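Presented below is the structure to which this report refers.
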Amino acid sequence: MNVAREPAELAPARRAAAIGTFDGVHLGHRRVVEAAQAAGLRTTVVTFDPHPRAVLGGRVELLATLERRLELLEAAGVDDVLVLRFDEHLAALEAEEFAERMLRGIGADVIAVGETFRFGRGREGNLALLEALGFDVRRVPLLANVSSSRIRELVHAGEMERAAALLGRPPEVEGIVVHGDGRGRALGFPTANLDVPAGLLVPPDGVYAGWTNGRRAAVSVGTNPQFDGVERRVEAHLLDFDDDLYDQRLVVEVWSRLRGQMRFDSVDDLVTAIGDDVSHTREAARPV
């Protein structure tokens with residue numbers, strides 16, 4: 001899959017463009033991509049980074065990093081992605097200018113978008129404008145209750161299975177493996193400590209069954225109250241694995257919540273609880 005940052009970086013071609021932020025590449029997003037693919041032209045996604053809402057003054061916890069978004073789009077069979085830097089200049093473009101420069105400029109004949117799609121300065125552009133400009137617009141009906149906002153709500157509530165049903169895969173958290181304090185190894189359960197990118201959604205504090213690097217993983221999110229921790233961390237204990245993962249990027253699927261974070265009466269009680277977490281992780285089923 002080719003990734004471009006400017007329209008001129010894409011080779012000339014007749015294209016079907018799917019447009020949107022595509023945070024999480026959930027089931028609704030995939031329908032938009034499929035509508036573009038059905039046109040039989042070169043499938044190109046036009047997306048934005050950073051998230052437009054963040055630039056316009058809102059707060060957004062992303063479901064996926066840009067790197068992960070691109071991986072998911074490639075897995076969906078997209079040919080090209082144009083990643084437009086969303087800044088004050090792009091936000092100020094009139095809708096018609098955006099359509100001519102960013103869509104006509106890449107050779108798009110077909111435009112696939114959700115039926116409520118708006119674009120351009122002050123969100124002045126709509127599907128009727130695209131049709132008036134001569135584009136073949138494929139309107140994709142919204143999937144009931146499927147949105148990035150709803151998925152964020154479910155993850156915040158610890159409802160990973162319900163969030164997975166809307167994503168079409170388990171929720172994820174990712175980061176680069178960094179050195180921790182070594183307590184997990186001392187307790188007999190070494191963990192990979194993730195440096196999670198700022199702005200990425202992290203599940204509520206607790207212990208979860210999950211998967212990463214080809215293995216099941218017991219995933220801890222929280223401040224480690226047993227040892228009076230203050231820094232919120234994401235740590236993954238990969239089952240039946242004891243290799244070096246430092247400086248590697250891990251994408252961790254979060255399958256189901258096992259328990260909350262808690263302080264135990266003794267370290268021995270903590271070790272017993274972690275052993276139970278590992279047993280439950282072995283038995284856990286991957287949602288969807």
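Name every residue in the stretch 214-253 that is assigned to a loop (DSSP other than H, G, I, E, B), on the phi < 0 side of the Ramachandran plot, in contact (Cβ under 8 Å) with a residue 24 or more places away in the chain and not charged (D, E, K, R), in order of residue number.
To start, the set of residues in the stretch 214-253 that are assigned to a loop (DSSP other than H, G, I, E, B) comprises 214, 223-224, 228-232, 239-248.
Next, only the ones that are on the phi < 0 side of the Ramachandran plot stay: 223, 229-232, 239, 241-246, 248.
This time we only want the ones that are in contact (Cβ under 8 Å) with a residue 24 or more places away in the chain, so: 223, 232, 239, 241-242, 245-246, 248.
Answer for the stretch 214-253, where residues must be assigned to a loop (DSSP other than H, G, I, E, B), on the phi < 0 side of the Ramachandran plot, in contact (Cβ under 8 Å) with a residue 24 or more places away in the chain and not charged (D, E, K, R): T223, L239, F241, L245, Y246, Q248.
Being acidic (D, E), more than 20 Å from V140 (Cα to Cα) and more than 23 Å from the chain's Cα centre (by Cα) narrows it down to one of E67, E61, E71, E100, so name that one. Steps first, answer last, please.
Numbers: E67 fails: more than 23 Å from the chain's Cα centre (by Cα); E61 fails: more than 23 Å from the chain's Cα centre (by Cα); E71 fails: more than 23 Å from the chain's Cα centre (by Cα).
Being acidic (D, E), more than 20 Å from V140 (Cα to Cα) and more than 23 Å from the chain's Cα centre (by Cα) holds for just one of E67, E61, E71, E100, which is E100.
Going residue by residue through the stretch 43-55, is there one that turns out to be touching a helix residue (DSSP H, G or I) at 6+ places or on another chain (Cβ under 6 Å), without any contact (Cβ under 8 Å) to a residue 60 or more places away in the chain, assigned to a loop (DSSP other than H, G, I, E, B) and under 21 Å from L10 (Cα atoms)?
Within the stretch 43-55 (the criterion being touching a helix residue (DSSP H, G or I) at 6+ places or on another chain (Cβ under 6 Å), without any contact (Cβ under 8 Å) to a residue 60 or more places away in the chain, assigned to a loop (DSSP other than H, G, I, E, B) and under 21 Å from L10 (Cα atoms)), the answer is no, since none of the residues qualifies.
May I ask you to say which residue of V173, V83 is modelled with pLDDT of 95 or more, among the β-branched types (V, I, T) and farther than 22 Å from R31 by Cβ?
On the way: V83 fails: farther than 22 Å from R31 by Cβ.
Only one candidate qualifies: V173.
Residues checked against (1) of a type outside the set (A, V, I, L, M); (2) in the same structural domain as G275 (by TED's automatic domain parsing); (3) more than 18 Å from the chain's Cα centre (by Cα); (4) modelled with pLDDT under 95:
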position: V140; (1), (2), (3), (4): no, no, yes, no
position: E153; (1), (2), (3), (4): yes, no, no, no
position: E159; (1), (2), (3), (4): yes, no, no, no
position: A164; (1), (2), (3), (4): no, no, no, no
position: G180; (1), (2), (3), (4): yes, yes, yes, yes
position: R183; (1), (2), (3), (4): yes, yes, yes, yes
position: L201; (1), (2), (3), (4): no, yes, no, no
position: A209; (1), (2), (3), (4): no, yes, yes, no
position: N213; (1), (2), (3), (4): yes, yes, no, no
Give the stretch 121-136 a look and list any residue that's in contact (Cβ under 8 Å) with a residue 12 or more places away in the chain and of a type in the set (D, E), or say none. E124, D136
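Tally up the residues in the stretch 151-179 that are among the hydrophobic types (A, V, I, L, M, F, W, C), within 13 Å of L63 (Cα to Cα) and touching a Lys or Arg at 6+ places or on another chain (Cβ under 7 Å), please.
Selection size over the stretch 151-179: 3.
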Residue satisfying all of: in the stretch 111-138; part of a loop (DSSP other than H, G, I, E, B) and of a type in the set (G, A, S); modelled with the lowest pLDDT among these: G120
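Scan the stretch 56-75 for residues that are in a helix (DSSP H, G or I) and of a type in the set (D, E, K, R) and jot them down.
Start the filter on the stretch 56-75 by keeping residues that are in a helix (DSSP H, G or I), which leaves 66-75.
Hits for the stretch 56-75 are E67, R68, R69, E71, E74.
Per-residue answers, yes or no, for (1) touching a His at 6+ places or on another chain (Cβ under 9 Å); (2) within 29 Å of L154 (Cβ to Cβ); (3) crowded, with 16+ Cβ neighbours inside 10 Å:
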{"position": "V202", "(1), (2), (3)": "no, yes, yes"}
{"position": "G214", "(1), (2), (3)": "no, yes, no"}
{"position": "A236", "(1), (2), (3)": "no, yes, yes"}
{"position": "D242", "(1), (2), (3)": "no, no, no"}
{"position": "E253", "(1), (2), (3)": "no, yes, yes"}
{"position": "P287", "(1), (2), (3)": "no, yes, yes"}
Name, by its number, the condition in (1) touching a residue at least 40 places away in the same chain (Cβ under 8 Å); (2) part of a strand (DSSP E or B); (3) under 21 Å from N126 (Cβ atoms) that does not hold for R31. (2)
Going by the structure shown, is D205 under 22 Å from I151 (Cα atoms) and modelled with pLDDT of 95 or more? yes
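The values are calculated or read from the model by the stated rules, or taken from the named source; none is laboratory data. Source: prediction; values computed, not measured. When we count neighbours, we look across all protein chains shown, and the Cβ atoms used for this are built from the backbone with ideal geometry, even at glycine.
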